[in-house]
Amino acid sequence: MFKSIFDQYEWNEVKAGIYAKTARDVEQALHNQRRSLEDFAALISPAAAPYLAEMAAMSQALTRQRFGNTMQLYIPMYLSNECQNICTYCGFSLDNKIRRKTLSPAEMLLETAAIKEMGFEHVLLVTGEANQLVSTDYFKKTLQLLRPHFANISMEVQPMDEQDYRELAELGLHAVLVYQETYHQDDYKKHHPKGRKSNFDYRLETPDRLGRAGIHKMGLGVLIGLEDWRTDSFFTALHLAYLEKKYWQTKYSISFPRLRPFSGGLTPKVVMNDRELVQLICAYRLFNQEVELSISTREEEKFRNNIVHLGITAMSAASKTNPGGYVVDQQSLEQFEISDDRSAAAIADMLKKQGFEPVWKDWDPAFSGEIKKVVG
Amino acid sequence: MEPLIIAGREFYSRLFTGTGKFSSPEVMESALLASGSELVTVALKRVEMDNKADDMLRHLSHSRMHLLPNTSGVRTAKEAVYAAQLAREALETNWIKLEIHPDPRYLMPDPVETLLAAEELVKLGFVVLPYVHADPVLCKRLEDVGTAAVMPLGAPIGSNKGLKTFDFLEIIIAQSNIPVIVDAGIGSPSHAAQAMEMGASAVLVNTAIAVARNPVQMAAAFKAGVEAGRMAYEAGLPVSSQHAVASSPLIAFLDEA
């Protein structure tokens, strides 16, 4: 389990190590053919800032070789904003007095129709954590309902047990995204004072459970803004390196959500600027040529238009972060404000103009589990 | 040049191509036409099988261009057999490029699952072209179960590293009674020419064309490279030697009185 590796590292030592990196360490990291975790630490350090142009050129070339001139498109579908956790940074937090909404099967199909109309085949299902109402059983029924409609279904919901994941995978669940939020244990407790999410270790070991359950893909990341992003990113890379060796049949993706404002929310402790986010994205690509790097509509139009060249391989578009946001209940409360509200067609057009083929479908339900594809 | 015959079908181009990583379906179509390729592999997962007007398929609709659906994405023999059946139904061909790489990072083919699936698919009437590591014994085992060709890799997919498996490819080609198509790793026309000079029946190229600055021109360059290599092979390459051959003192005694 990752916990045994994680426990060998001490946050302050890791942080000091990153900030002690020198220009020479960065140059060595750039020079190496295969890059180590220490090289990654150098590339995300302040010492690497003057090398950003070089990193960007290398990141672009590595990404193009592996992924070609293509960009995977996906869209989130928020199913519920019920939540029993208190998270200081989230709009769905239990203590945030909002109208709660959980989609019924009929409502999901209405949302699905609207999403399909935009052209999407890859969908990411998102919920808060309400274990009674939005249970494993709810997800099973949801997958059975939605599987015939999408080529690829991912989930970003509460962490579950291995057996739950195994059963959901058999029903066609392709990928699970579970962000640690922060690897700083004390800060984690501060930001998650109540609810099942307050259990740091259970969340930390979720990727191990996913790996054992044989899920096709998992997504990792931290919420940038809670703690020092460089140190948190080092731990993410450590986690990734461990998982890739242990669960070698699983694909991995990394996201870089920057804390966004929401009604009544937290001001970020640490602000990461655009230049630093580019540095982080390029550092991940130089560290790992094969990992998927994903960017959401949290980021602004201009940034997204430019970042597609620098290592990103998947992006969401036309997202609504509230349950029913596409047609059913457009006024329900959103999890966070999105920054890029262009339509799916506008994003596809932007990609084409920049020399990318927008990829809507890169999976088939026939490849997931035993259930035959429902025709018609 | 001699045509290549696989499962009774004649190919006048020995350059097989892929359809991934292009910047648009239009660029893909132009590049594939420039390559002269008559066998083009398509990832089943990228195709909207219910949709007759699928964007990619529309751009591959040329009389000399045959489709070779592939099973990329499957992890087991069972999944591969199922995917092949879907491909046969959707694309109306019983040709299948069998790809089982359970490792999504390096995309290394699984020899055990591949052999199992190949045997099953042959029984089901498929023309099976399996993507495998450059493993001479595995290639013979696949020939034994009835595959129409073998497709050993030159280097990891998309790596453009050339024929890193050169010595093993030589053995495979020497031993094989079925066509040997070098797949994966070919990064430049000279790599392709090298494979053809060795006696490979054909090569499959995708990344090097798709991500070139000018894919159409690169496709034409690969066409020329493949043709040059094949012509040289058919013409009979002279043996190369590091040094001049002098009369050897080792056998001088034979001439002694």
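The values are calculated or read from the model by the stated rules, or taken from the named source; none is laboratory data. These numbers were taken from a predicted model, which means no experiment stands behind them. With ideal geometry, Cβ positions are generated from the backbone for all residues, glycine too; neighbour counts draw on all protein chains shown. SASA here: full protein model, heavy atoms, side chains in, ligands and nucleic acids out. Shrake-Rupley method; radii C 1.70, N 1.55, O 1.52, S 1.80 Å.
Cysteine residues of chain A whose C-beta has no other cysteine C-beta under 4.7 angstrom: A:C83, A:C282.
Close amide H partners of A:Y74, meaning residues 5 or more places away or on another chain with modelled amide H under 5 Å apart, are A:M315, A:S316, A:A317. Here the scattering of chain A is modelled by Debye summation over its C-alpha atoms, one equal scatterer each and no solvent; at q = 0.13 Å⁻¹ the log10 of I(q)/I(0) is -1.09. In sequence order, the range A:325-341 has phi-based couplings of x, 7, 9, 5, 8, 5, 9, 5, 6, 8, 6, 7, 7, 7, 10, 10, 9 Hz under the Karplus curve 6.51 cos²θ - 1.76 cosθ + 1.60, θ = phi - 60°, and Gly or Pro positions carry x.
Extension gain, A:L145 to A:K245, is 32.6 nm, computed as 0.36 nm per intervening residue step minus the present C-alpha separation.
Within the same chain, lysines fewer than 8 places from A:K353 are excluded, and of the rest, those with a Cα less than 19 Å from its Cα are A:K302, B:K21.
Each residue of the range A:1-152 gets 210 Å³ once the volume of the Cα convex hull is shared out per residue. Could you work out how far helix A:52-67 tilts from the main Cα principal axis of chain A, as a 0 to 90 degree angle to the nearest 10? The helix A:52-67 is inclined about 50 degrees to chain A. Counts of other chain beta carbons within 10 angstrom of each beta carbon in peptide B:70-83 average 2. Taking every DSSP bridge with both residues inside the protein assembly as shown, close to 10 percent are antiparallel.
Could you tell me how many degrees, from 0 to 90 and to the nearest 10, lie between the Cα long axis of helix A:344-353 and the main elongation axis, the longest principal axis, of the Cα atoms of chain A? Around 40 degrees separate the two axes. Taking each DSSP H run with n ≥ 4 as -39500 (n - 2.57) and averaging over every residue of chain B yields -11500 deg cm²/dmol at 222 nm. From the Kirkwood radius over Cα pairs of the protein assembly as shown, Stokes-Einstein at 25 °C and 0.890 mPa s returns a whole-number translational diffusion coefficient of 94 µm²/s.
Summing charges over all other residues whose Cβ lies under 10 Å from the Cβ of A:K3, with Lys and Arg as +1 and Asp and Glu as -1, gives -4.
Counting, for every residue in B:37-50, the Cβ atoms of other protein chains within 10 Å of its Cβ and taking the mean gives 3.
Computed from backbone phi with θ = phi - 60° and the Karplus coefficients 6.51, -1.76 and 1.60, the 3J(HN,Hα) list for the range B:46-51 is 8, 8, 7, 5, 7, 9 Hz; x is used for glycine and proline.
Approximating the spin labels as points 7 Å out from Cα along Cα→Cβ, the A:A53-to-A:N12 distance works out to 4.0 nm. Looking at chain A, the DSSP beta bridges with both ends there are about 5 percent antiparallel. The label point for B:E234 and the one for B:H66, both projected 7 Å from the Cα toward the Cβ, are 1.8 nm apart. A cut-off of 5 Å between modelled amide H atoms, ignoring neighbours fewer than 5 places along the same chain, links A:E357 with A:T70, A:M71. Near the amide H of B:I178, within less than 5 Å, lie no amide hydrogens of residues on another chain or at least 5 residues away, with H placed in the peptide plane. Averaging 1/r across all pairs of distinct Cα atoms in the range B:120-257 and inverting the result yields a Kirkwood radius of 16.7 Å. Can you work out the base-10 log of I(q)/I(0) for chain B at q = 0.08, 0.15 1/Å, using the Debye formula on its C-alpha atoms alone? Debye curve over Cα of chain B, log10 I(q)/I(0) at q = 0.08, 0.15 Å⁻¹: -0.32, -1.03. For the residues of B:96-105, the average number of beta carbons from a partner chain within 10 Å of their own beta carbon is 3.
The heavy atoms of B:D255 offer some 140 square angstrom of accessible surface to a 1.4 angstrom probe. For the range A:358-366, the Karplus equation 6.51 cos²θ - 1.76 cosθ + 1.60, evaluated at θ = phi - 60°, returns couplings of x, 9, 8, 10, 9, 6, 9, x, 4 Hz by residue, with Gly and Pro reported as x.
Net charge in the neighbourhood of A:E129 (other residues with Cβ under 12 Å of its Cβ; Lys, Arg +1, Asp, Glu -1) is +2.
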